[in-house]
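The block underneath contains the structure these notes are about, expressed in structure tokens.
The values are calculated or read from the model by the stated rules, or taken from the named source; none is laboratory data. Note that the coordinates shown come from a computational prediction; the quantities given were computed from them, not determined experimentally. Backbone-built Cβ (ideal geometry, glycine too); neighbour counts: all protein chains shown.
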Amino acid sequence: MVPGARTRIERGGRGGASLRRLAMSSLVILGVVTITFAVSRLVPSDPASLYAGARARPEQVERVREDLNLGAPVMSQYVSYLGELARGDLGVSFATKRPIAEDLRRFLPATLELALSATALAVLIGIPAGVMAADRAHRLRAVGIRLLAVTSVSMPVFWSALFLQLFVASKLEWLPLAGRIDPGTHFATPTGFFLIDSVLSGSPSNFLDVVSHLILPVLVMAAYPLGLTIRLVRSAMLEVLASDHIEAARVAQVPWRTVLWRLALKNALLPALTVLGLTFAYSVSSAFLVEALFAWPGLGKYFADAILRVDLPVISAAVLTVTVVYVSVNLVLDLLQIRLDPRVVLS
Amino acid sequence: MAARGRVRHFGCDAVRGGKRSAIQRWSGLLGTHGDAIWHYRRSRLGMVTAAVALTFVVGAVFAPWLTPFAAAGRGVPDLSNRLRPPGAIHWLGTDELGRDVLARLLFGARASLVVAVGVVALSVLVGVVVGALSGYFGRWIDEVLMRITDAFLAFPPLLLAVLVAASLGASLRNTVIAISVSWWPWYARQVRAQVLSLRTRPFIQAAQAIGAPSRRTIAVHIVPNVMAPVWVQATADIGAVVLTAAGLSFVGLGPRPPTADWGVMIADGRHYVLSGQWWIAGFAGLAVVVVAMAFNLIGDVMRDVADPRTRGQLR
Amino acid sequence: MTPEPATPGPSSGWTMTDLLSVDDLRITFNPPAGPVRAVRGVSLDVRHGEILGVAGESGCGKSVLFRALLGMVPPSATVTGSLRLDGASLGMDGSLQAVAALIQQNPGAALNPVFTIGRQLHLVARTDDPAVLADLLAQAGLADAPRLLDAYPHELSGGMLQRSVIALALARRPRLLIADEPTTALDATTQAQVLDLLGELRARHGLTVILISHDLAVIRRLCDRVVVLYAGRVAEAGATADVLDAPGHPYTQALLESIPRPAVAGRELASIPGLIPDGRRPIAGCAFAPRCPHVREDCRSGQPEPRPLHPGHTVACVLMEPPP
């Protein structure tokens, strides 16, 4: 983590720095597309049979070979792959024969709702907890939080999900076991985000139903990023707390509360903005495990089903899509950081 | 002055102290003389977690000799003993094919250990080569290698491994390759940063000045001097690799049956959890949690020991 | 009142003119590898309105000493000894912070990079009246103060930063300024200006100043009295002119020898052979003995106590005593 004590000199000031980030992200996305292409088309010994699926008949495999243009030189395959992507064509699922792009669009809101809720939870709890974990004035509390953090980064999501389902949902019956809403609940879903849609429906019971279904998967999904946030914020805080200006503030008898929560935290938060991106990434990438377990009708479950069927076009398209979303989120956060950091020198 | 060597007294504050406060300067002074292993052994938590890690390794290596149910560990079913709860004979119960869960866990530890060591070794190898070349040569080599590294780092964790494992097909060897593909960039980044700070040091510049070949300079002077923090990271990473591997095998991208594997045990055992047979998935998950936590904590203690500011916080 | 110590040292108990009186201060750090004695029995007085110089090599304990008085050493460190403020006993738990302010070595690090100067002044001065805050900056010699309130530290030059740090130090209306190498990080011109400012503040506000510096030229320029520390003990103390013109301790003599003097071209610049002693090992006898050109047999046995060379000038060296 970069500590909050150094001056960052950016050539060309904020505008130049932002442009450079934009160019860098485009380059990274090109790299990501290339890797995805290489892994899915070049790595398998026979991509055609893998794409067609395990139960495909030989003539189906042959058709796939033609469809994917696998006889052509690698460069021309790559170029046509880029062309398809540029048109928003992510290919066709071999299991359902449906266009993947369409499926993704349909499933994305459910996953985003889950991942954004988990990110919000992880960050809103993780940042204050990270600050407390760096506070030597309350040693016991700090140790307790560190223990919580290390437990949550060591717990497989599919395991914690199972036992939350067993105790909270099955034994205690406090919360629903799985799904996004009760089978009997119906309301219009113009946005696809049920939290918003249920509010729009005007019925509090709809909203409560959505929230009660959301709690367990969000808890499970937020655990790992929460632990990560706590650890990153703590180490950023420790770095800042050791700096001269904090010593100066303490000698000047600025109350410890102010030193910790205002003076030090603001320094630690700028680098911690990256945590937000990372938190989101970890939430999204555990989605395929969490959604499969909670029968959550989103991208993750779609992805998990594709893995079980070795539906390679769906797997690679989903990985690519999520990665591009992740890179974009990071770009936005980076631009935000450039705007917020007073130390970016304008020249 | 030349005859007397360096002027050691006045002015040293400015040279050595720099931006650091007096207190840091003092503790830093001690840190350079401290012996990391010695400090590590003083940490109670460090010793407990090291014992857990050692148990994991010993259990994996000596699995066949540690249980009377070695055949079950290798996958031989015993259908007359299906789903027995934990008891005197089967301490942790039996699974849906009547196999002793403890034996499966011990043999599953082998799969985890193979994957963990394999991934770390492979990733460190690639990461050190890429990081050293990038940091040492700089300029366009650095630019190209780092952009490639960035692209690999851009994938959310797990997803690239899933893609690679799905393309290669499910097997233990492919799990190692799949996780390594997403793991090496972190080491490359770390090594590059180390090399960059090392490159300006006098002994490297001296080696360059006398015209030592680059390959030799990198192998003899650079790599040995950057490995210490890499090994710290690699040790701490073992827990994360075990966790990731469990995730892959949970979704069916791990070793094929009858090979024992913790992720597969959780996946298969989960169908019985809600009907009350919690011990298969329960103990397998516990094994993952304990091992992952132990290595995470070992990493924490090692970092604490290496950093004088936090040294002694974890006891 | 403390009883008169057996040996008339730099600390002879509290007298009417003393603001601060430190007696037998010992600081030991306790890392797992074993204790490190950073300060090994320092007694000194700080008089009302004086500028006291504290000199010594890096690692001699001079910064740690005053941080301990301010309650700023880690809780794991052992601090013993007594501290008196205006004759009243004071704990070394940070109570001194109420009347003292600290000016650190590096002004670039002493200010919080993500808050404006005005915001930081506001938090320390506990008022957000811009007139008051601007006045503080003006007192520190910063013209154009109102504009500076909205500036971030990185927008200021080194000299302006150090003046802002001084303004922050003044914000709590302290009676004592502890300046730890305040000019080391500055260029020569700015150095002189900041030193003049410290002198001015003393004259204008009746502030007492402790100036910690390795630079004897800085101390000679500004200080009324000087205390020379070596390996966590007071080697020599007295009026600046006395100590620097007629040093009694071989260590002080060696320090003065090693200052480059342009007038004597071609003369080899002296350096003190050897290193400062390792705080982790017990030191038998005089800590300077291994490096001392005048070392005698009895140097290695007992620790020399401070003895008066003449009134107000003490030297802790066996040369002050008759040979055995």
Per-region count, region B:206-255, residues among the polar types (S, T, N, Q) and more than 18 Å from residue A:150 (Cα to Cα): 5
Filter pass, residue A:328 being touching a Leu at 6+ places or on another chain (Cβ under 8 Å) and either among the hydroxyl-bearing types (Ser, Thr, Tyr) or buried (at least 19 other Cβ atoms within 10 Å of the Cβ) (or both): no
Some residue of region B:150-158 being modelled with pLDDT under 90, closer than 20 Å to residue B:284 by Cβ and not aromatic (Phe, Trp, Tyr): yes
Tally, over region A:294-319, of residues that are aliphatic (A, V, I, L, M), under 16 Å from the mean Cα position of the chain (by Cα) and more than 9 Å from chain B (Cβ to nearest Cβ): 1
Selection count where residues are in contact with a strand residue (DSSP E or B) (Cβ under 6 Å, 6 or more places away or on another chain) and at the interface with chain B (Cβ under 9 Å from one of its Cβ atoms), scope region C:27-54: 3
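Out of the strands (runs of 3 or more DSSP E) lying entirely within region C:13-92, which hold 3 or more residues that are crowded, with 24+ Cβ neighbours inside 10 Å? Walk me through it before giving the result.
Values: elements: C:18-29, C:36-47, C:51-55, C:78-85, C:88-90.
Answer list for region C:13-92: C:18-29, C:36-47, C:51-55.
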Residue that is over 22 Å from the mean Cα position of the chain (by Cα), over 14 Å from residue B:244 (Cα atoms) and away from every other protein chain (no Cβ under 14 Å), where the choices are B:134, B:123: B:134
Residues (buried (at least 16 other Cβ atoms within 10 Å of the Cβ) and among the polar types (S, T, N, Q)) located in region A:62-108: A:77, A:93
Subset of region B:126-150 that is closer than 15 Å to residue B:225 by Cα and among the aliphatic types (A, V, I, L, M) - its residue that is surrounded by the fewest Cβ atoms within 10 Å (Cβ to Cβ): B:129
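Within region C:113-139, restricting attention to residues that are out of contact with any helix residue (DSSP H, G or I) (no Cβ under 8 Å at 6 or more places or on another chain) and in a helix (DSSP H, G or I), which residue is surrounded by the fewest Cβ atoms within 10 Å (Cβ to Cβ)?
C:131
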Residue in region A:83-90 that is closer than 22 Å to residue A:31 by Cβ, touching a Leu at 6+ places or on another chain (Cβ under 9 Å) and not in a helix (DSSP H, G or I) present: yes
Given (1) touching a helix residue (DSSP H, G or I) at 6+ places or on another chain (Cβ under 6 Å); (2) over 23 Å from residue A:132 (Cα atoms); (3) within 9 Å of chain B (Cβ to nearest Cβ), index of the condition residue A:280 fails: (2)
Hits in region C:188-210 - residues which are under 25 Å from residue C:143 (Cα atoms), touching a residue at least 60 places away in the same chain (Cβ under 8 Å) and either of a type in the set (Val, Ile, Thr) or within 14 Å of chain B (Cβ to nearest Cβ) (or both): C:208, C:209
Breaking point among (1) buried (at least 23 other Cβ atoms within 10 Å of the Cβ); (2) away from every other protein chain (no Cβ under 14 Å); (3) in a strand (DSSP E or B), for residue C:101: (2)
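Find the residue count for region A:29-50, including only residues that are part of a helix (DSSP H, G or I) and facing chain B (nearest Cβ under 10 Å).
Summing the residues that are part of a helix (DSSP H, G or I) and facing chain B (nearest Cβ under 10 Å) in region A:29-50 gives 15.
Within region A:93-202, considering only helices (runs of 4 or more DSSP H) that don't extend past its boundaries, which have at least 3 residues that are in contact (Cβ under 8 Å) with a residue 24 or more places away in the chain? Step through it out loud before you land on a result.
Values: elements: A:100-133, A:139-152, A:157-164, A:194-200.
Those helices (runs of 4 or more DSSP H) span A:100-133, A:139-152, A:157-164.
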Residue in region C:62-73 that is more than 14 Å from every other protein chain (Cβ to nearest Cβ) and either within 19 Å of residue C:211 (Cβ to Cβ) or in contact with a helix residue (DSSP H, G or I) (Cβ under 7 Å, 6 or more places away or on another chain) (or both) present: no
Criterion violated by residue A:253 - all others in (1) within 20 Å of residue A:146 (Cα to Cα); (2) outside any helix (DSSP H, G or I) satisfied: (1)
Residue in region B:280-300 that is farther than 26 Å from residue B:102 by Cβ and buried (at least 18 other Cβ atoms within 10 Å of the Cβ) present: yes
Some residue of region B:283-299 being part of a helix (DSSP H, G or I), at the interface with another protein chain (Cβ under 8 Å from one of its Cβ atoms), more than 15 Å from residue B:243 (Cβ to Cβ) and in contact with a Phe, Trp or Tyr (Cβ under 8 Å, 6 or more places away or on another chain): no
Failed item in (1) in contact with a helix residue (DSSP H, G or I) (Cβ under 6 Å, 6 or more places away or on another chain); (2) more than 11 Å from every other protein chain (Cβ to nearest Cβ); (3) part of a helix (DSSP H, G or I); (4) farther than 25 Å from residue A:31 by Cα, with residue A:289 passing the rest: (2)
